[in-house]
Structures are given as structure tokens and as C-alpha cells.
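Scroll down for the structure; my scribbles are underneath it.
Taken together, the values in this text are just the output of simple stated rules run on the coordinates, not laboratory data. Keep in mind that this is a model prediction, so the values were computed, not measured. A quick note on method: Cβ atoms are made from the backbone with ideal geometry, for glycine too, and the neighbour counts reach across all protein chains shown.
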Amino acid sequence: MLVAVIGLGTFGAKTAVRLYEKGAEVIAIDKDQELVDKIKDRVTHAVALDVTEERSLRSVHISDVDVAVVAIGDSIENSIMAVTMLRKLGVGRVIARATSTLHEHVLHEIGASEIIKVEEEMGEIIASKIVAPHVLQRYNFAAGYSIVEIKLGKKFEGRTLVESKIRQNYNLNIVALQKKVPFISEDGKSAYRIDINDCPMPMDVIEADDIVVLVGSEKNFNKLFADLAEG
């Protein structure tokens, strides 16, 4: 996959590097040569150019990318111009960062495929960590619904999935269990391996350190979080 990341501030640079680490070919673009120099050894290609100029974008064959991420956060005008140019040059999937509701609306109108609201999403993450510290990861996949990785701790320790009554009491579905399984390494030392059970059965037992993957609505998760907080 070939991805262009436009705007190499903190958010854009992190996105570019993580994409590259995950195996994508990444073209990192910013008009600031200093920001480009900082990232050039951590992506496939980094270039300093003005993304509001069509000729500049054509020079890096931007129409060949599978996805473009417009991570510009300090100039709404440049963000809008970049999305406009990318759509004009035939980039099929354009993901753009919005810094306000109006900005989001304009990006939708000019053809952005997806909108990222970094500040809003970070606020949600921080709030979730405060209210539900036992949650390790949360993935929103539809309005009001999430997949959550969570440690259920002492409250459910030693119970089978049937005995936990998570589905009956919270209307949440357990879709996977991750366990730390002890073993003896080749050099005779005690170690652990990660065992993922992606088809948990009713009689599988939940241990305190297990990571449980649940899917359900925000309303039902909040009920579970409240019960866990009470201990």
C-alpha cells in the first residue's frame, strides 16, 4: 500500500512513521524542510513542497497513492486546498484532519472520504481512561458501538464464561480471550507466551490477568464499567 501523509506536525509525523513500521510505503510531505529532514530516515520518501500547488503534487506522482492523509492542523485554508487538489488529481481515498465543526463540514463538502477529529478523539480516550482504567483498548466501529479489550480483574476471576453472565447481565458478547501461558524456555527459565482464543467456549475460565475482548453498545459497557468500579 502506498500512502501519502501531508503535514508533518506531531500528529502527521507519528502517523507516517507508524504506517511505515506497519509495512506501508509512505511519502511524507510538508512545506517545512526541517520537518521533512527529521522524518526522512523513518519513511519511504520525504519531500518538502507546497501541497496547494498542483504542479508540486504532480511531481511526486500523487495520483498513484492508494490513500492520502491530510494531517495539516495549523491552517484550515491549506488543509482545504490540499484535499481539493488531491481529489482533482484522482486520489481515491482522502482522510483529512478537522480542527472544528465548520472545518469538518467543508472537508465533507469538497470530497474527503473520512474525517479525523484528533482533539475530540483524544478527549474521548482520556475520559475513558479515567472512568474505566481497566480498559486497555477501545475501537469504535459504528455509532454507539465498540470493541473493547479489558481486564475484568478479581470480580470475574475463576468464573467460566457461563458463570460470568456477561451476556445476560450486560448484553455484551465475548469474542476472544488472551491468556499468559507459562512455559519453560530452552535454557530452562520460566517464561510466558501469549495465547489468543478467538473462539471462546462457555466453560472457558476467566483469570485475573486475562484480556477479554467484548463487543457491544456504549450504554451496556458503561453499566459494566460502573460495576467494576464498585469492585
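Loop-only GluC sites (Glu not before Pro) in region 132-231, please: DSSP not H, G, I, E or B, and at most 10 other Cβ atoms within 10 Å.
Details: sites: Glu149, Glu157, Glu163, Glu186, Glu207, Glu218, Glu230; in loops: Glu157, Glu186, Glu207.
Those that pass, being in a loop and sparsely packed, are Glu186.
By the count of neighbouring beta-carbon atoms within 10 Å, fewest first, Asp187, Asp64 end up ordered Asp187, Asp64.
Remind me, what semi-axes does region 127-230 give for its equivalent ellipsoid, largest first in whole Å, using sqrt of 5 times each Cα gyration tensor eigenvalue? Walk me through the intermediate numbers first.
Details: eigenvalues 136, 45, 35 Å².
Over the Cα atoms of region 127-230, the ellipsoid semi-axes are 26, 15, 13 Å.
Most exposed first by the Cβ proxy, i.e. fewest other Cβ within 10 Å, how do Lys117, Lys31, Lys22 rank?
Details: Lys117 16, Lys31 19, Lys22 9.
So the ranking, lowest neighbour count to highest, is Lys22, Lys117, Lys31.
Looking at the chain, the DSSP beta bridges with both ends there are about 55 percent antiparallel. Computed from the C-beta positions of Arg159 and Ser63 and an R0 of 45 Å, the FRET efficiency is 0.20 to the nearest 0.05.
Normalised by the residues of the chain, what does the relative contact order come to in percent, with Cα pairs under 8 Å and at least six apart? Rounded, it is 13 percent for the chain. Entry note, region 13-133: relative contact order of 16 percent, from Cα contacts under 8 Å with a spacing of 6+ residues. Summed over qualifying helices (DSSP H, 4 residues or more, each -39500 (n - 2.57)) and divided by its residue number, the chain shows a 222 nm mean residue ellipticity of -10000 deg cm²/dmol.
In a reduced charge model with +1 at each Lys and Arg Cβ and -1 at each Asp and Glu Cβ, region 75-231 shows a dipole moment near 140 debye about its Cα centre. Of the residues Ala176, Ala191, Ser217, the one whose Cα sits farthest toward the positive end of the charge dipole of region 167-231, with +1 on the Cβ of Lys and Arg and -1 on the Cβ of Asp and Glu, is Ser217. Shape summary: region 26-66 maps onto an equivalent ellipsoid whose semi-axes, from the alpha-carbon gyration tensor, are 17, 13, 6 Å in decreasing order. Under a model in which nothing but the beta-carbon of Lys, Arg (+1) and Asp, Glu (-1) is charged, region 19-71 shows a dipole of about 60 debye around its Cα centre.
The residue list Val106, Val60, Ala143 was ranked by how far each Cα lies along the charge dipole of region 52-206 toward its positive end, using unit charges on Cβ atoms, and Ala143 comes out on top. Remark: spin-label model distance Glu21-Ile115 equals 2.9 nm, labels positioned 7 Å along the Cα→Cβ axis. Restricting the calculation to Cα atoms, region 2-118 yields a radius of gyration followed by a Dmax of 12.6, 36 Å. Note that the chain shows a convex hull volume over its alpha carbon atoms of 169 Å³ per residue. For the residue pairs Lys155/Lys179; Lys180/Lys219; Lys14/Lys38; Lys154/Lys189; Lys151/Lys180; Lys154/Lys223, alpha carbon separations beyond 19 Å are given by Lys180/Lys219; Lys154/Lys189.
Quick one: dipole size for region 2-118, taken about the Cα centre, charges +1 on Lys/Arg Cβ and -1 on Asp/Glu Cβ, in debye to the nearest 20.
Working: 14 positive and 17 negative charges, 51 e Å.
It comes to approximately 240 debye.
Among the trypsin sites (Lys or Arg not before Pro) found in region 150-231, those both in a DSSP coil and sparsely packed, with 12 or fewer other Cβ atoms within 10 Å of their Cβ, are Lys165, Lys189.
For an R0 of 35 angstrom, estimate the FRET efficiency from the Cβ-Cβ distance between Ser75 and Asn197 and round to the nearest 0.05. It would help to have the intermediate numbers written out before the result.
Values: r = 48 Å, r/R0 = 1.38.
Approximately 0.15, to the nearest 0.05.
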